[in-house]
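Values quoted throughout were computed directly from the atomic coordinates according to the rules given, and no laboratory measurement underlies them. Everything quoted here is computed from the prediction, not taken from an experiment.
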Amino acid sequence: MTERLADVSARIEGVRQLGAVVNAMKGIAAARARTARAQVDAVDSYAATISTAMARILVPHEAGHPAPRSRATGGGRTGLLLFLAEQGFAGAFSERVLDSVGNELETADLLLVGTRGLSIAAARGLEADWSAAMPSHSPGIPKLADGITRAIYHALDEDRFDRLDVVHASWSSGRPQIARRTLFPVDLSDARTATGEPPITQLPPETLLASLGADYVHALVCKAALHAFAAENEARMKAMAAAGTQIASELEVFEATLRRVRQEAITAEIIELGTGAASANVER
């Protein structure tokens with residue numbers, strides 16, 4: 001009985017330690033998601049400013065009426081930049097992104113971000129043409145975007161695709177959503193309406209557009225990465241909350257078992273003492 005009591009106590013202590021780890025992971029994920037969400041607004045503003053400037057340069061004779069470029073469609077090979085999970089304990093985070101693309105995975109050039117997601121993609125028989133790890137903290141995302149942008153332009157120089165779409169998860173109203181948009185050719189359909197006179201420039205429009213276009217793609221990559229970073233941590237936070245609920249339930253069961261085992265031990269000792277006292281009286 002004593003051994004059983006020790007076993008149950010050890011199990012309770014183990015479950016409590018696991019609960020402490022789960023709570024710590026939940027807190028870290030919440031802090032990282034909150035930081036990334038705050039940074040998305042700044043990147044959105046930066047990207048919108050660049051897109052508006054590009055739209056005004058494209059139509060210098062129609063100030064205040066930017067002409068957006070249409071989304072590329074039709075022939076040519078498509079490239080896909082997918083943001084998957086970097087770590088585990090995030091539920092079906094990577095699977096949702098991969099499933100949203102469907103059959104395109106078999107024919108597209110794949111640029112994959114996320115160590116954990118890369119292994120999931122490999123298990124599906126998918127081979128990345130380029131891959132990278134997601135940084136553990138959001139301040140490392142601009143450096144990641146530098147590497148992604150270089151990989152994109154290197155692939156374009158090699159004519160590996162004519163169009164590149166970015167696919168990533170985002171978190172809205174407590175639920176994961178999958179977002180997809182075109183990175184190349186540059187799509188200015190969401191440019192803000194420009195007002196005032198056309199800008200005065202000293203560079204040829206083609207040169208200026210090429211430079212702004214590279215900055216715009218970089219900003220969009222940063223935006224997608226931040227959304228994916230926040231969404232992964234939101235998914236991990238939700239998974240840890242579910243794990244915490246399960247741990248609390250198991251802890252209640254073990255504590256009830258401990259009380260029952262203790263009561264059984266006490267009852268057994270009382271019976272043993274009572275039997276011993278009765279035997280002693282008989283002997284007298």
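Could you tell me what percent of the DSSP beta bridges with both partners in the chain are antiparallel, to the nearest 5?
Numbers: 9 of 22 bridges.
So the antiparallel bridges amount to about 40 percent of the total.
Hey, in the GNM for the chain with a 10 angstrom Cα cutoff, which one of P199, P185, P142 fluctuates hardest?
Evaluated over the chain, the most mobile residue of the options is P199.
Give me Rg/Rg_expected for the chain, where Rg uses Cα atoms only and Rg_expected = 2.2 N^0.38 Å with N residues.
Numbers: Rg = 29.5 Å, N = 284, 2.2 N^0.38 = 18.8 Å.
The value comes to 1.57.
Can you tell me the 0 to 90 degree angle between the C-alpha axis of helix 205-283 and the longest principal axis of the chain, rounded to 10?
Taking Cα atoms only, the helix is inclined about 0 degrees.
For a quick check, take a GNM of the chain with Cα springs below 10 Å and name the residue from E104, E264, E232 with the largest mean-square fluctuation.
E264
By a straight-distance test (C-alpha under 18 Å), which lysines pair with K26 as possible cross-link partners, with residues fewer than eight away in the same chain excluded?
List returned: K238.
For helix 2-58, report the angle its Cα long axis makes with the longest principal axis of the Cα atoms of the chain; keep it between 0 and 90° and round to the nearest 10°.
Helix 2-58 sits roughly 10 degrees off the main axis of the chain.
Of the candidates S51, S94, S211, which one comes out as most mobile in a Gaussian network treatment of the chain with C-alpha springs shorter than 10 Å?
Largest GNM mean-square fluctuation: S211.
Based on DSSP H runs of at least 4 residues, each adding -39500 (n - 2.57), what is the mean residue ellipticity at 222 nm of the chain after dividing by all its residues, to the nearest 500 deg cm²/dmol? Mind dumping the intermediate values first?
Details: 5 runs with 171 residues, N = 284.
After summing the helix terms and dividing by the residues of the chain, the value is -22000 deg cm²/dmol.
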